[in-house]
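Scroll down for the structure; my scribbles are underneath it.
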Amino acid sequence: MYFIANWKMFGDSKTLKSLNNVINFVKKNKNKRFKMIYCPPFTLISSMSAKLAKSAVQVGGQNCHHAKNYGAYTGSVNPKMLKDAGAEYVILGHSENRQNGEDDKLINLKVKNSIDEGLNIIFCIGETLKEKKNKKTFSTLSKQLRIGLNKIKNIKKIIIAYEPVWSIGTGIIPNNDDLFNTISFIKKKIKHQSAKVLYGGSVNNKNINELKKIKNLDGFLIGGASQDTKKLIDIIQKTYN
Ligand code: PEP
């Protein structure tokens, strides 16, 4: 199972100290074979990678620019720069960035160029509340997968995170049957048996007891709750209890 922490716009050099708990927890629970990935803001990628260097916990970026080379893109970071800072993953297609104007074609270019630089991709897809109400969930997901992963051959480099937009940061989660059906729909669409599909959206240390019952899930992408190390550890412990 994957547990991916999306710190969003959160964290500073002091916050990194809270990772000591995580490092110890992961060391003690090697036998459970879960994978933890922390995605902090750009400012913390180097220092977090250094802190986690001896641990099995890996680091990822939260987005990147599509350009392969340096360029006049103020405020941006490309995949090569992420890799150089210590990231092994990058979140792409997060709805908070889609809402800021990123479209499927641009995300596809970012996926390609990030894979070329050796990064693994945490590829986010999900429908809005309006699309859900209009029964457009599957068509939205199909389009996001078709264009976003167009001509991507190395599907092993991709982890898909199904994150319904109406669930992110709202405390509302899909019911287990709907979630099971959506995850199997995604797995069928990508036609790759070993593809990993995670759920993200308001996962916390209370609703994990329900979410862990969903048999076809390969893990969770956790935003708000991951900012508190104790909550994140609690989520992992409850998943295995
Ligand atoms: C996210 O931002 O990817 C996310 C899942 O956020 P939250 O857990 O806070 O809903």
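Selection over segment 205-224 of residues that are surrounded by fewer than 19 Cβ atoms within 10 Å (Cβ to Cβ) and either near the ligand (Cβ under 9 Å from one of its atoms) or assigned to a strand (DSSP E or B) (or both) gives a count of 1. Selection over segment 58-108 of residues that are surrounded by fewer than 21 Cβ atoms within 10 Å (Cβ to Cβ) and touching a strand residue (DSSP E or B) at 6+ places or on another chain (Cβ under 6 Å) gives a count of 3. Quick check on SER202: is it under 14 Å from the mean Cα position of the chain (by Cα), part of a helix (DSSP H, G or I) and within 16 Å of the ligand (Cβ to nearest atom)? Taking the combined requirement at face value, the residue does not satisfy it.
The rows are residues; the columns are (1) away from the ligand (no atom under 16 Å from the Cβ); (2) assigned to a helix (DSSP H, G or I); (3) of a type in the set (Gly, Ala, Ser).
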| site | (1), (2), (3) |
| --- | --- |
| ALA67 | yes, no, yes |
| GLY75 | yes, no, yes |
| LYS83 | yes, yes, no |
| ALA87 | yes, no, yes |
| ILE91 | no, no, no |
| ASN108 | yes, yes, no |
| LYS153 | yes, no, no |
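Counting residues in segment 31-49 that are basic (Lys, Arg) and modelled with pLDDT under 95 gives one or more.
Within segment 98-136, if we keep just the residues that are among the polar types (S, T, N, Q) and in contact with a helix residue (DSSP H, G or I) (Cβ under 6 Å, 6 or more places away or on another chain), the residue that is farthest from GLY60 (Cα to Cα) turns out to be THR128. The set of residues from segment 110-134 being closer than 23 Å to LYS35 by Cβ and within 15 Å of the ligand (Cβ to nearest atom) comprises ILE121, ILE122, PHE123, CYS124, ILE125, GLY126.
The values are calculated or read from the model by the stated rules, or taken from the named source; none is laboratory data. These numbers come from a predicted model, not from an experiment. Every residue, glycine among them, receives a Cβ derived from its backbone with ideal geometry; neighbour counts consider all protein chains shown.
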